[in-house]
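To start, the structure under review is shown below, and the notes come after it.
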Amino acid sequence: MTHRVASLHHGGSPGLSARPFDFQLRTRIVFGDGALARLGELARELSFTRTLVVADRGIVATGQVDRARALLETAGITAFLFDGFDANPDARMVEAGRALAAGCEIDSIVALGGGSSLDCAKGINFVLTNGGTMRDYWGFGKAPRAMLPSIGVPTTAGTGSEAQSYALISDPETHVKVACGDPKAAFRIAILDPELTVSQPRGVTAVAGYDALSHAVESYVTTRRTEMSDLFAADAWRLLNASYERVLAEPADLAARGAMLLGAHEAGVAIEQSMLGATHACANPLTAQYGTPHGVAIAVLLPHVVRWNAEHVGDRYANLLRMSASDDSGAVRLKPDATDRQAGERLAARLGALARAGGLPATLRELGVAREKLPALAADAATQWTGTFNPRRFDAVGALEIYEQAY
């Protein structure tokens, strides 16, 4: 973390805010090209003997799961595979994983893949060790018993789930994503290997990367932000903003891939401390009701939420712009005397440009959303937990304003 970034958190002042915090990094980070090769060694350090590898079928098809299982078995660890889930794992899929894990008498878990693999693995850990169903763990800190040691290996630079103690699991009836969190659910180790992200399709890179960008932007301005979340969110923005277009143009650039992977992880750390805001509150109903991929919904909404929030946190949006104006990212420069609204507009313009670079849609109309459905979507958005942390008071009226602007 550079002094330049740290000094910009509060309008250039190095003084601390008055916000108290309780912060602990629960996950060891092992970063570097080829870091997956250490999987067996790291699993042995945690005394793994029988482990469940949780990976979606797409990752299995790449051969990366076979490699991971070979590394584990070379280290003397028996590896079982669970791949019975999809892009939005729900409680029934988690229960299927629990049943398989119980029959295999595992003592550990390895998650390999994107956010769905990482979240599903954490969900399995909850119900395997503490019983019940995922519904019993909605919220935070509801798992009374110890959970199995686990290792997370992200293959996309997106959710940052490997840095978080929350599992996002869908309710199979309503399709609503519910957050289930507990410190014991955090991965003991996260292996961040940029080489694992090179083979992902361009569309996955674009959608996952934009989701990570939104995490950095939203966690930097929430009502729960702290000095520690500021550090991670700001550096995540620095890395992601400077590298997003590069990985799309030059997908084999491992330095850019590494910056995206580390940036996504740092944004995940920031979320753990700061939470998210109105963008995610408005995105979730689109996924639940229309099946819109999460990152696609985020791309449509984020610039409009930034504009909507600008009069409340424009100074902080200006900080992000100043950070990116000093690199080669192409961000719009901000005049020293710019207003909060101008800062919001400039940051929104930058986020729109990034979405276009990723080939992502810009309007709800493009997603097939009917205009007459916006009030119902807004009512749903107003019930989302993340909206309670937005810097501007967020309710159904505000959600409808955002949807109308995004339409």
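The values are calculated or read from the model by the stated rules, or taken from the named source; none is laboratory data. None of the values given here were measured: they were computed from a predicted structure. Positions of Cβ are generated from backbone atoms using ideal geometry, with glycine treated the same way; all protein chains shown enter the neighbour counts. Heavy atoms of the whole protein, side chains included, go into the accessibility calculation; ligands, DNA and RNA do not. Shrake-Rupley method; radii C 1.70, N 1.55, O 1.52, S 1.80 Å.
Highest mean first, what order results for 155-161, 194-200, 300-306 on Cβ atoms within 10 Å?
155-161, 300-306, 194-200
Mind pulling the per residue volume of the convex hull built on the Cα atoms of segment 73-141? Å³ is fine.
Hull volume over Cα atoms, normalised by residue count, gives 99 Å³.
Can you give the FRET efficiency to the nearest 0.05 for GLN289 and ALA96, using r as the Cβ-Cβ distance and R₀ = 22 Å?
0.30
Tilt of helix 227-249 relative to the longest C-alpha principal axis of the chain, in degrees (0 to 90, nearest 10)?
The angle comes out at about 90 degrees.
What number results when the radius of gyration of segment 332-398, computed over Cα atoms, is divided by 2.2 N^0.38 Å?
Normalised Rg, Cα atoms only: 1.41.
How many percent of the accessible area of the chain is carbon or sulfur, using a 1.4 Å probe?
After summing per-atom areas, the C and S share lands at 53 percent.
With +1 on each Lys and Arg Cβ and -1 on each Asp and Glu Cβ, how big is the dipole of the chain about its Cα centre, in debye rounded to the nearest 20? List each step's numbers first, then the result.
Numbers: 39 positive and 44 negative charges, 88 e Å.
Computed about the Cα centre, the dipole is about 420 debye.
Applying the Karplus parametrisation 6.51 cos²θ - 1.76 cosθ + 1.60 with θ = phi - 60° to the phi angles of segment 32-49, what ³J(HN,Hα) value in whole Hz is obtained for each residue in order, glycine and proline being reported as x?
Once rounded to whole Hz, the list reads x, 4, x, 4, 4, 4, 8, 4, x, 4, 5, 5, 4, 4, 8, 6, 5, 10.
Residue farthest toward the positive end of the dipole of the chain, with Cβ of Lys/Arg at +1 and Asp/Glu at -1: which of TYR407, CYS104, ILE124?
Result: TYR407, furthest along the dipole toward the positive end.
Sticking with the crude label model, points 7 Å out along Cα→Cβ, report the distance from GLU227 to THR383 in nm, one decimal please.
Modelled inter-label distance: 4.0 nm.
Could you tell me which of rounded, prolate or oblate describes segment 175-289, using a ≥ b ≥ c as the square roots of the eigenvalues of the alpha-carbon gyration tensor, with rounded for a/c under 1.5 and, failing that, prolate when a/b is larger than b/c and oblate otherwise? Write out the running numbers ahead of the final one.
Working: a/c = 1.55, a/b = 1.35, b/c = 1.15.
Prolate.
So, in Å, what gap is there between the alpha-carbon centers of segment 169-225 and segment 231-286?
9
With every protein chain left in place, what is the accessible area per residue of the chain in square angstrom, probe 1.4 Å?
Values: 15550 Å² over 407 residues.
Value returned for the chain: 38 Å² of accessible area per residue.
Once phi is turned into ³J(HN,Hα) by the Karplus curve 6.51 cos²θ - 1.76 cosθ + 1.60 with θ = phi - 60°, what whole-Hz value does each residue of segment 364-374 show in order, with x for glycine and proline?
For segment 364-374, the Karplus-derived couplings read 5, 4, 5, 7, x, 7, 7, 4, 5, 8, 4 Hz, x marking Gly and Pro.
Counting each DSSP H run of 4 or more residues in the chain as -39500 (n - 2.57), what helix-only mean residue ellipticity at 222 nm follows after dividing by all residues, to the nearest 500 deg cm²/dmol?
Rounded to the nearest 500, it is -16000 deg cm²/dmol.
Of PRO201, PRO375, ALA61, which is farthest towards the positive pole of the chain's charge dipole, taken about the Cα centre with +1 and -1 on the beta-carbons of Lys, Arg and Asp, Glu respectively?
PRO375
For a label point 7 angstrom out from the Cα of ARG202 toward its Cβ, which stretches of segment 141-170 have the backbone nitrogen within less than 18 Å?
Inside the label zone: 157.
Taking the mean number of other Cβ atoms within 10 Å as a proxy for protection, how do you rank 121-131, 60-70 from highest to lowest? Write out the running numbers ahead of the final one.
Details: 121-131: 25.1, 60-70: 16.5.
Order by mean packing, descending: 121-131, 60-70.
Report the residues of segment 291-309 in range of a label on ARG19: point 7 Å along Cα→C-beta, backbone N strictly under 18 Å from it.
Residues passing the 18 Å test: 306, 309.
For segment 10-135, what size does the Cα cloud have along each of its three principal axes, sorted from largest down, in whole Å?
54, 37, 28
Classify segment 105-205 as rounded, prolate or oblate from the Cα gyration tensor: take a ≥ b ≥ c as the square roots of its eigenvalues, call it rounded if a/c is under 1.5, otherwise prolate when a/b beats b/c and oblate if not.
oblate
Indicate, rounded to the nearest 5 percent, the antiparallel portion of the DSSP beta bridges found entirely in the chain.
Around 25 percent of the beta bridges assigned by DSSP in the chain are antiparallel ones.
Could you pull out every one of the aspartates and glutamates with an alpha carbon less than 18 Å from that of LYS122, ignoring same-chain neighbours closer than 8 positions?
The qualifying aspartates and glutamates are ASP56, ASP83, ASP86, ASP90, GLU95, GLU105, ASP107, ASP136, GLU162, ASP171, ASP182, GLU272.
Compute the distance in nm between two label points, each set 7 Å from the Cα along the Cα-to-Cβ direction, one at ALA146 and one at ARG393.
Here the answer is 4.8 nm between the modelled labels.
Keeping all protein chains in the complex and leaving out DNA, RNA and ligands, what accessible area do you get for TRP138 with a 1.4 Å probe, in Å² to the nearest 10?
Rounded to the nearest 10, that gives 90 Å².
Helix 202-219 versus the longest principal axis of the chain: what is the Cα-based angle in degrees, 0 to 90, to the nearest 10?
70
Tell me which of ALA270, TRP237, TRP308 sits at the most positive position along the dipole axis of segment 225-308, charges placed on C-beta atoms (Lys, Arg +1; Asp, Glu -1).
The residue sitting farthest along the positive end of the dipole is TRP308.
Under a 5 Å amide H to amide H cut-off, with H placed in plane at 1.01 Å, what residues pair with ASP90 once short-range neighbours are removed?
Close amide H contacts, sequence-distant or interchain: SER170.
Taking the Cα centre of segment 64-149 as origin, sum charge times position over the Cβ atoms of Lys and Arg (+1) and Asp and Glu (-1), and report the length of that vector in debye to the nearest 20.
240
Using θ = phi - 60° and the Karplus curve 6.51 cos²θ - 1.76 cosθ + 1.60, what whole-Hz ³J(HN,Hα) does each residue of segment 56-66 get, with Gly and Pro shown as x?
Running phi through 6.51 cos²θ - 1.76 cosθ + 1.60 with θ = phi - 60° gives 6, 5, x, 5, 4, 5, 6, x, 5, 5, 4 Hz.
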